[in-house]
Amino acid sequence: MLKKFKQTQDQWGGSSDVIDHWLETRQSLIVEYCKLAALQPCSKTNVIELPTPSELQNFCQHLVDYISEGHFKIYDMVMDKWRSTGFEVTEEINQAYGKIVLTTEPLLNFTDKYAAIQSEDLLENLDSDLSFIGEVTEARFEVEDQLIRLIADSLAVPPGA
């Protein structure tokens, strides 16, 4: 996840304020995920260090913020930028956005389950749930990277050129 993020940042960072903001927000989410995942059971030492409720709440809040910002701020910023330069959304962009939307429900289900958790007794499935969330966010990031490429490519060429 971190390696792919670095590649995306190297490739598209600096090409647009919107993309830079999006990548900064993603980086923050990845850091929070890694902190949480690092607290999982370690088979070498047989030590189980579970996250605190506040650590879980913090990650869930970052996850909700990332999803919300994507849907309600970043995508709107992109659309406004396109409209101001004369671009129109393509079918490829609509399809990429549709794939991103499909990842939203499982991510929000995770936050519903863990954001208000108060007891370690309720964390028995956290390891598998975190693994699943890692897979879903990674899939989301891949599609977002496609969308970033489409955005950067479209903004690099003036309409009608």
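Observations on the structure shown:
- Approximating the spin labels as points 7 Å out from Cα along Cα→Cβ, the Ser84-to-His21 distance works out to 1.0 nm.
- Protection-proxy order for peptides 29-36, 99-106, each taking the mean of Cβ atoms within 10 Å per residue, highest first: 29-36, 99-106
- Binning the C-alpha pair distances of region 66-161 at 10 Å intervals from 0 yields a P(r) profile of 14, 39, 24, 14, 7, 2, 0 %, listed from the shortest bin outward.
- Carbon and sulfur %, accessible surface of region 83-127 computed with the full protein complex present, 1.4 Å: 48
- Charge sum, other residues only, whose C-beta stays under 12 Å from Val101's C-beta, Lys/Arg counted +1 and Asp/Glu -1: 0
- Phi angles across region 139-144 convert, under the Karplus curve 6.51 cos²θ - 1.76 cosθ + 1.60 with θ = phi - 60°, into 3J(HN,Hα) values of 5, 4, 4, 4, 6, 4 Hz, Gly and Pro given as x.
- Solvent-accessible heavy-atom area per residue, rounded to whole Å², over region 49-140 at 1.4 Å: 56
- Residue-wise HN-Hα couplings along region 100-106, as the Karplus relation 6.51 cos²θ - 1.76 cosθ + 1.60 with θ = phi - 60° gives them from phi, are 5, 4, 4, 7, 5, 4, x Hz; Gly and Pro carry x.
- Distance between modelled label sites at Glu49 and Val31, nm, 7 Å Cα→Cβ extension: 1.9
The values are calculated or read from the model by the stated rules, or taken from the named source; none is laboratory data. Since we're looking at a predicted model, the values are computed, not measured. Glycine gets a Cβ as well: all are built from the backbone with ideal geometry, and neighbour counts include every protein chain shown. For the accessible areas, the whole protein counts, side chains as well, though only heavy atoms, and no ligand, DNA or RNA atoms are used. Shrake-Rupley method; radii C 1.70, N 1.55, O 1.52, S 1.80 Å.
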